[in-house]
Amino acid sequence: MQHQQQHRAQSRQSTINGEIVIVQNHKEPGSGKSASLRLYSCAEVDPKTGKGKMSSQANLKSGKTKTSNGEKTRTYHVKFYVESSFGIPGAFVIRNPGKHRFFLQSASFETHSNQIIQFDCHSWVYPSQKTKNFDRIFFSNTKYLPNQTPQGLMKLRNKELISLRGDGSGERKEWDRIYDYDYYNDLGNPDKGPEHQRPVLGGSELHPYPRRGRTGRPPSNADPLTESRPRTTNLDIYVPLDERFSPKKQSEFTSNSIQAALWFLIHEVKFVMQKDSNHFESFDEIHDMFSDNQNQVIEGSLEEKLKAMVPNELFKDITHAIKTPLKFPVPQMIAENEFAWKDDEEFGRQMLAGINPARIRSLEVFPPQSKNGMVSSIEPSHIEHNLEGMTLAQAMNNWRIFILDHHDYLIPFLRKINTKDVCTYASRTLLFLKSDATLKPIAIELLGLVEGQEISWVFTPARQGEAAALWHYAKAHVAVNDTVYHQLVSHWLHTHAVVEPFIIATRRQLSGMHPIHWLLDPHFKDTMHVNALARSMLINSGGILEKTLFSAELSMELSAELYKEWRFDEQALPADLLKRGMAIEDPDPDNPTGVQLLFQDYPYGSDGLEIWSAIQAWVTDFCMLFYTDDESVRSDEEIQAWWLEIRNVGHGDKSSETWWYDMTSREDLIKALTTLIWIASALHASVNFGQYAYAGYPLNRPTLCRKFIPEEGTFEYAEFLNDPDKYYLNMLPERVEMTLGIALAEAVSRHTSDEVYLGQRSSSLWINNEEVSHKFEKFNQELRNIEKRIKEKNTNPELNNRRGRAEIPYMLLYPDTSNVESRGGITGKGIPNSISI
């Protein structure tokens, strides 16, 4: 009888075979061996738990190892026993009883009907003793809106989201998967001294700011409002484990950072040891930084000073790396024409095709005036002779005059900035659109404060003599303004900082089963980790930006001041172009962007609109597959909670603004998602990956000035007349500052070899939906078509701004979808899916 019961029970059972893939790294001893798994059924519900029925337990025992593209993986084969009515597995839990974490890449399971169920994991699994015996859960690649969730997965879906939110208390540990918000209260280090005190950004009208990921570190001793620094190194900062670099990227990032820092560290030590000028003394000396430095030996006093500057483990890496020849690669700025950076036409072109191409705008009123009503000192007589025979009125009426304005936001900060051997002006630069569509600078107004009153000086182009030198100096001061705005606002604030709250809200409010979570996930890769590193080394007190930019310790306050002007809806490219008067509305229903550029030879605008249209079409196609009408958006409780949290918490200082989308229609959702993906991918690529090409040569994009422009009758003017080149070099950053700026530009301009570009997804990161696959292929094909058109534009002799005097083809918005196996490095092209550096 007992035998018959066992036989009937076995006949009601079936098996599911599985394949588990774990990434192995020589620095990570965890291999996953001894881990255990159980499957959850989609449809069959256990009446005792209300969750899907579970399979038998399977253990990882022995696996096969292979290496592909430098990455070592171990594959385990497992077998589960389930009831015959179990159906399709929709989730699995995994427990790690070992001592070491391991990186779970993927899993796949084959049912008795030969159906393959894929799971993309890409996450660390920590030992159970660390995670308080909470098992990790992973959901399959089939995506569901909340009201479509299979019965067996509903409780698991909600439970997972609750666990990801945490309770807002306690210090986060490296094995936590908890997402919460905090102010930027971790930039200062008052325990190090009062000079390292920095204001808290966010949560106040004075210093509004986006939120960052909470770490929960205790307050500093000197200031209870400031979070203490990490206890070990600045790199030891909490990031939710699913947001961290992969083992491969972590290794490569460390190596790249060492290489980028190496030249700077050695030169800094040598500069400290030298007793001559802190400034470069000739242009040749600057050019020498881009030539081989063979047979560098670290010994004697050089060795001792270098050891004192860096940790022991880094010193070992440096002495190993020093065995290879040391040089900075030649920046594109001087590769073809070493004097192009001096050219007025190139100066104007970079406002359209450089690394800060979204600041320039059409001039609406002449003379320009500030928000407080102060009128510019630029007069018609300064510019009328430079308008190709047009009158000022004709040029204005034909939208031929443009302005690069760095006035209003800087004036309130000048008094504090110009106190520590730094000489900064606010500036307005007027440019004329020539008949060949190139921009010619026609006047520069530099403004300073004298006893609290604004004083201005106007400079106009000159080709020889003293006037030409002073014009050149004026352009340098404008470039300094533009560089600081680029770093603190166009780059950091408008991409890195504003996206992080969207990431946190997505993880907290959208289940991994949600189709929009899947859509956005590749556009969030590595961003929180990059931002955490930036808060530790780049934008913190004493960080690289404070050491190199004229704004120094006021840098992040300046960034917060400009966040007051930020609007998410105006980060949509068409809206941005309209706001800046660089485009007009186009009523043509066949134009998906709804705008038309004032002139086509605006590389950022031209290529950007094509990329925008492709993203918008892809997002529209995707959303139409999952949302049947506006009501389906309104009834999606997770989307509604996501948008509410972004507005009220993540960007809480902007919660009362009326420009936020209502999120009551498919159109609202499509607009928001298109804008978010544009920011994370194309916008970031356009302002980041050309940094070495343009800023790698520091004379083209200086970061501060040490002298004002000399005025007649002063000692400085006599210095200038005696040696204009020497005065200019002494006006620019010191050797150490310049070298650090080059090292930073090199580091952030590099793609890593695991980069995934727009129109690509990691080979395993896919969705169980054929229609989505077809729509994505359509997106990919359109990006390939854009690549062809970009190449054609770059060879069109009538499009002068595509290359310029520097002969740098505009490739910053070239998707590079064909780069299936990224080689990484400084390429000056490619749109990564995310803000990954």
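The values are calculated or read from the model by the stated rules, or taken from the named source; none is laboratory data. Just so it is clear, the model here is predicted, and its values are computed rather than measured. No Cβ is skipped: glycine too gets one built from the backbone with ideal geometry, and neighbour counts run over all protein chains shown. Surface areas here come from the heavy atoms of the whole protein model, side chains and all, with no ligands, DNA or RNA. Shrake-Rupley method; radii C 1.70, N 1.55, O 1.52, S 1.80 Å.
General remarks:
- Residue list for the range 183-195, restricted to those being open to solvent by less than 30 Å² (accessible area, probe 1.4 Å) and touching a residue at least 24 places away in the same chain (Cβ under 8 Å): 184, 185, 186, 187, 188, 190
- The residues in the range 598-619 that are open to solvent by 10 Å² or more (accessible area, probe 1.4 Å) and touching a strand residue (DSSP E or B) at 6+ places or on another chain (Cβ under 9 Å) can be counted, and the count is 4.
- Of all residues in the range 591-640, those being among the β-branched types (Val, Ile, Thr), free of Cβ contacts under 8 Å to residues at least 60 places away in the same chain and closer than 20 Å to residue 510 by Cβ number 3.
- Residue in the range 235-253 that is aromatic (Phe, Trp, Tyr), open to solvent by less than 40 Å² (accessible area, probe 1.4 Å) and at pLDDT 95 or above present: no
- The conditions of being touching a strand residue (DSSP E or B) at 6+ places or on another chain (Cβ under 9 Å) and at pLDDT 95 or above are not met by residue 14.
- Flag if residue 207 is open to solvent by 20 Å² or more (accessible area, probe 1.4 Å), in contact with a helix residue (DSSP H, G or I) (Cβ under 8 Å, 6 or more places away or on another chain) and in a strand (DSSP E or B): no
- If you go through the range 576-601 and pick out every residue that is closer than 23 Å to residue 802 by Cα and not in a loop (DSSP other than H, G, I, E, B), you end up with 8.
- All positions within the range 323-353 that are in a loop (DSSP other than H, G, I, E, B) and open to solvent by less than 50 Å² (accessible area, probe 1.4 Å): 328, 329, 331, 343
- Restricted to the range 354-473, the set of strands (runs of 3 or more DSSP E) holding at least 1 residues that are open to solvent by 40 Å² or more (accessible area, probe 1.4 Å), β-branched (Val, Ile, Thr) and more than 30 Å from residue 596 (Cα to Cα) comprises 439-450, 453-459.
- Any hit, the range 508-516, residues being open to solvent by 20 Å² or more (accessible area, probe 1.4 Å) and over 26 Å from residue 635 (Cβ atoms): no
- Residues located in the range 759-802, provided they are closer than 25 Å to residue 436 by Cβ, open to solvent by less than 80 Å² (accessible area, probe 1.4 Å) and free of Cβ contacts under 8 Å to residues at least 12 places away in the same chain: 796
Here's the yes/no breakdown for (1) over 30 Å from residue 174 (Cα atoms); (2) under 40 Å from the mean Cα position of the chain (by Cα); (3) open to solvent by less than 20 Å² (accessible area, probe 1.4 Å):
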{"position": "38", "(1), (2), (3)": "no, yes, no"}
{"position": "73", "(1), (2), (3)": "no, yes, yes"}
{"position": "87", "(1), (2), (3)": "yes, no, no"}
{"position": "113", "(1), (2), (3)": "yes, no, no"}
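- Of the residues making up the range 637-653, those that are surrounded by fewer than 20 Cβ atoms within 10 Å (Cβ to Cβ) and of a type outside the set (A, V, I, L, M) number 3.
- Of the criteria (1) open to solvent by 20 Å² or more (accessible area, probe 1.4 Å); (2) among the small types (Gly, Ala, Ser); (3) closer than 23 Å to residue 571 by Cα, which one residue 718 fails: (3)
- Some residue of the range 320-329 being within 30 Å of residue 801 (Cα to Cα), at pLDDT 95 or above and in contact with a Gly (Cβ under 8 Å, 6 or more places away or on another chain): no
- Unique match (being closer than 20 Å to residue 13 by Cα, in contact (Cβ under 8 Å) with a residue 40 or more places away in the chain and among the basic types (Lys, Arg)) among 74, 38: 38
- Restricting the first member to the range 153-165 and to residues that are within 15 Å of residue 142 (Cα to Cα), and the second to residues that are hydroxyl-bearing (Ser, Thr, Tyr) and at pLDDT 95 or above, the beta-carbon pairs closer than 6 Å and six or more apart or on different chains are 157/149; 157/511.
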